[in-house]
Amino acid sequence: MRTRLYRNGRLRKEGFPIAEVSDHVADEGNVVWFDLCAPSEQEIAAIGEELGLHELAVEDVLHEYQRPKLDVYDNHLFITVHAVHFDEGRFAPVEIDLFVTRNALVTVRQNAAFDIGEVVRRWDAAGHLAVHGVAFLLHGLLDTVVDGHFSLVQDLDQQAEDLEAELFEERPADGRELQRRMYELRKTTVRFRKIAVPMREIVATLLRRDQALIAGTGMAPYYEDVYDHVLRTAEWVESLRDLVANMRETRLAQQGFRLNEIMKRLTGWAAIIAVPTMITGFYGQNVPYPGEGQAWGFWMSVMLVALASVGLYAAFKKRDWL
C-alpha cells in the first residue's frame, strides 16, 4: 500500500498506515491519496465505510472486468479505467478503479502490472500544480493511462503498415504466419477499442461545468489536453480497425485471384498437351491412314504436333492465360 498527504499544495507526509486515512480526511485542508493493489473484500468494505462510499461502487470494485465508466454519486465519483499491458506478448489490460471525493483519491489496481510509481513520478514532476488538490492527483493518473493508450495505438498502426507492405510484396512471406499476425492484430485492436473509446465519455463528463471537481480550477486546460489525446486515440483506433478489416478482405481477394491464376495456367497447359495426345493417338490407330508405313507420314505427325502446340501457346499467351 502507498499513501500520501498533501496540504496547501505541498507533500507533507507519505507511507503512513491506512488506518490514519480517516483522521487526515476529516481535515478539509488535507488532500489524501492511497493505493490498494489486489485488495481483499474485507479491505474494500472497510475503506467504503471510512469514506462513506456508495455500496454499488464498492460492489463494482469487487467484480472484475468492469467496462471503463464514470459514475456520479452524492459525495464521490467512481471511475473505472484500464491501463494497457502485455503479458508474454498477449494483450492483458489492467483494471484500475478510482474513488474520488472532495479531498481524497483512492486507487484500486487489479494487479501490480500497472506501475503506480510512474504516476507518482508525474506528480512529483508537476508539484507546482498540487495546490489544485484532488483534481491534480486525478489528472496525473488519467494522463499516465491515456499516454499508454496513445503509445499502443501508434505501435499497432506501425504493425498494420508492416503487414500491409508484406501483403503486397511480389513474393509474400509464409501465408500462414501472415494470416496469424493479421488475426492477432485484429484481436488486439478490437479489445483495445473497448477500453480506449469509452475514455471520451469519462473525460468529457469531468470537463462538464456542473462538475465542481474540475470547473473553475486551473486544471481545466490540463484535462482539455488529456481529452485531446483521448479523441486522437479513439479516432485512430477506429480507423485502424477499418484498416485491418480491409487488409483481411484484400488477403482473401488475393488468395482467390492467385487460385484463379493457377487454375488458368494449368488449364492452358492441359489444352496444349491434349492436342499432341490427340494427334499421336490418331496416328496410332490400327487402320490405314495417309503416310502409313512411310517416313513422311511420321514427319508430318511431328510437324502437326509442333505447329499445334506453338499455335496454342501463342494464342493463350496473347490472352494472358499462361
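Things worth noting here:
- When restricted to residues that are among the hydrophobic types (A, V, I, L, M, F, W, C) and crowded, with 19+ Cβ neighbours inside 10 Å, region 60-93 contains 8.
- Filter result for Arg191 (modelled with pLDDT of 85 or more and either surrounded by 17 or more Cβ atoms within 10 Å (Cβ to Cβ) or within 16 Å of Asp147 (Cα to Cα) (or both)): no
- Filter result for Ala46 (within 36 Å of the chain's Cα centre (by Cα) and either in the same structural domain as Val108 (by TED's automatic domain parsing) or closer than 15 Å to Val108 by Cβ (or both)): no
- Qualifying position, being farther than 21 Å from Gly148 by Cα and in the same structural domain as Glu184 (by TED's automatic domain parsing), among Asp60, Asp35, Asp87, Asp97: Asp60
- Of the criteria (1) at pLDDT below 80; (2) in a helix (DSSP H, G or I); (3) in the same structural domain as Ala83 (by TED's automatic domain parsing), which one Gly268 fails: (3)
- Residues of region 26-49 satisfying the condition of being over 26 Å from Ala83 (Cβ atoms) and buried (at least 16 other Cβ atoms within 10 Å of the Cβ): Asn30
So that you can scan it fast, the table gives a plain yes or no per residue for (1) acidic (Asp, Glu); (2) modelled with pLDDT of 85 or more; (3) closer than 25 Å to Ala126 by Cβ:
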| site | (1), (2), (3) |
| --- | --- |
| Val197 | no, yes, no |
| Ile202 | no, yes, yes |
| Asp225 | yes, yes, yes |
| Met247 | no, no, no |
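- Flag if Asp115 is of a type in the set (D, E, K, R) and within 19 Å of the chain's Cα centre (by Cα): no
- Hey, Arg67 assigned by TED's automatic domain parsing to the domain that holds Cys37 and in contact with a helix residue (DSSP H, G or I) (Cβ under 6 Å, 6 or more places away or on another chain) or not: no
- Yes/no for Ile195 being among the β-branched types (Val, Ile, Thr), in contact (Cβ under 8 Å) with a residue 12 or more places away in the chain and not in a helix (DSSP H, G or I): no
- Residues that are farther than 13 Å from Arg186 by Cβ and buried (at least 17 other Cβ atoms within 10 Å of the Cβ) within region 221-270 comprise Tyr222, Tyr223, Val226, Tyr227, His229, Val230, Thr233, Ala234, Trp236, Gly268, listed in sequence order.
The values are calculated or read from the model by the stated rules, or taken from the named source; none is laboratory data. All values derive from a computational prediction rather than experimental measurement. Cβ coordinates were reconstructed from backbone atoms using ideal geometry, including for glycine residues, and neighbour counts include every protein chain displayed.
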